[in-house]
1. Among the residues of the stretch B:6-56 satisfying the criterion of being buried (at least 20 other Cβ atoms within 10 Å of the Cβ) and in a loop (DSSP other than H, G, I, E, B), which is farthest from the other protein chains (Cβ to nearest Cβ)?
2. Could you count how many residues in the stretch A:13-27 are under 27 Å from residue B:87 (Cβ atoms) and surrounded by 12 or more Cβ atoms within 10 Å (Cβ to Cβ)?
3. Between A:50, A:57, which is part of a strand (DSSP E or B), surrounded by fewer than 19 Cβ atoms within 10 Å (Cβ to Cβ) and within 13 Å of chain B (Cβ to nearest Cβ)?
4. Could we say that residue A:37 is touching a Phe, Trp or Tyr at 6+ places or on another chain (Cβ under 6 Å), within 29 Å of residue B:9 (Cβ to Cβ) and surrounded by 17 or more Cβ atoms within 10 Å (Cβ to Cβ) here?
5. Does the stretch B:72-87 hold any residues that are closer than 20 Å to residue B:105 by Cβ and hydrophobic (A, V, I, L, M, F, W, C), and which are they?
6. Mind listing just one residue for me: the one in the stretch A:32-71 that is among the basic types (Lys, Arg) and under 12 Å from the mean Cα position of the chain (by Cα) and, of those, modelled with the highest pLDDT?
7. Tell me, please, whether a residue that is away from every other protein chain (no Cβ under 11 Å) and touching a helix residue (DSSP H, G or I) at 6+ places or on another chain (Cβ under 6 Å) can be found in the stretch B:97-115.
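The values are calculated or read from the model by the stated rules, or taken from the named source; none is laboratory data. This one's a predicted model, so the numbers in the text were calculated from it and none came from an experiment. Cβ placement follows ideal geometry from the backbone for every residue including glycine, while neighbour counts extend to all protein chains displayed.
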Amino acid sequence: SQTIHQWPATLVQPVGSPLSLECTVEGTSNPNLYWYRQAAGRGLQLLFYSVGIGQISSEVPQNLSASRPQDRQFILSSKKLLLSDSGFYLCAWSSTHLIYNEQFFGPGTRLTVL
Amino acid sequence: GDSVTQMEGPVTLSEEAFLTINCTYTATGYPSLFWYVQYPGEGLQLLLKATKADDKGSNKGFEATYRKETTSFHLEKGSVQVSDSAVYFCALRVSPGGGADGLTFGKGTHLIIQP
């Protein structure tokens with residue numbers, strides 16, 4: 001069966017510090033990968049998605065970036081965090097097979113920027 | 001663009017009450033529709049889905065029917081339990097099967113079930 005991991009689970013960082021959140025998927029190959037952010041009182045916002053190694057599409061311009069160095073690894077980064085970057089970050093994957101179009105989510109990372 | 005509208009709540013019900021959470025959508029193409037549930041401090045879990053008109057998705061006593069004529073996908077459960085307390089998200093995806101674009105989510109409905 002497939003599993004998705006995220007770490008760290010929680011993170012408190014000062015404004016201006018760098019960020020690296022990691023997501024890995026097990027039990028599947030060549031998944032589509034996604035980063036979402038859930039801000040307090042708001043819905044989920046798609047930040048990035050990837051269809052393969054080194055292929056990243058950005059949905060919203062901001063000071064975050066994403067990378068996919070390996071098939072089942074997806075990293076969210078920032079060089080300098082802003083207060084507005086606080087939120088709950090969720091990684092998700094979906095299958096590239098024709099009949100599957102739902103996405104499966106990881107446990108999330110709670111980021112607080114102070 | 002695509003959008004999903006759902007009541008935000010909180011919706012407070014007594015145990016064993018009937019539940020309806022409304023969800024309506026606008027989509028540029030023919031969407032697949034989903035309900036996800038988020039328990040406190042956790043990620044989202046897929047609750048049910050429907051991929052074409054008149055399909056009924058069901059799971060754990062919850063069900064929702066894809067109504068193309070009213071562009072709706074309302075979530076229902078006949079008798080809720082305290083353990084159903086969570087945030088429920090309606091979502092859609094308009095893409096060919098295997099497409100990589102993300103889901104469009106509603107803002108979520110916070111459901112509180114009191115004993």
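1. So, considering only residues that are buried (at least 20 other Cβ atoms within 10 Å of the Cβ) and in a loop (DSSP other than H, G, I, E, B), the one farthest from the other protein chains (Cβ to nearest Cβ) is B:31.
2. Residues in the stretch A:13-27 being under 27 Å from residue B:87 (Cβ atoms) and surrounded by 12 or more Cβ atoms within 10 Å (Cβ to Cβ): 7 in total.
3. Result: A:57 is the single residue among A:50, A:57 that is part of a strand (DSSP E or B), surrounded by fewer than 19 Cβ atoms within 10 Å (Cβ to Cβ) and within 13 Å of chain B (Cβ to nearest Cβ).
4. yes
5. B:73, B:75, B:86, B:87
6. Within the stretch A:32-71, the match that is modelled with the highest pLDDT is A:68.
7. yes
Here is a yes/no grid of residues against (1) of a type outside the set (D, E, K, R); (2) under 17 Å from residue B:102 (Cα atoms); (3) in contact (Cβ under 8 Å) with a residue 40 or more places away in the chain:
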site: A:2; (1), (2), (3): yes, no, yes
site: A:16; (1), (2), (3): yes, no, yes
site: A:40; (1), (2), (3): yes, no, yes
site: A:68; (1), (2), (3): no, yes, no
site: A:78; (1), (2), (3): yes, no, yes
site: A:92; (1), (2), (3): yes, yes, yes
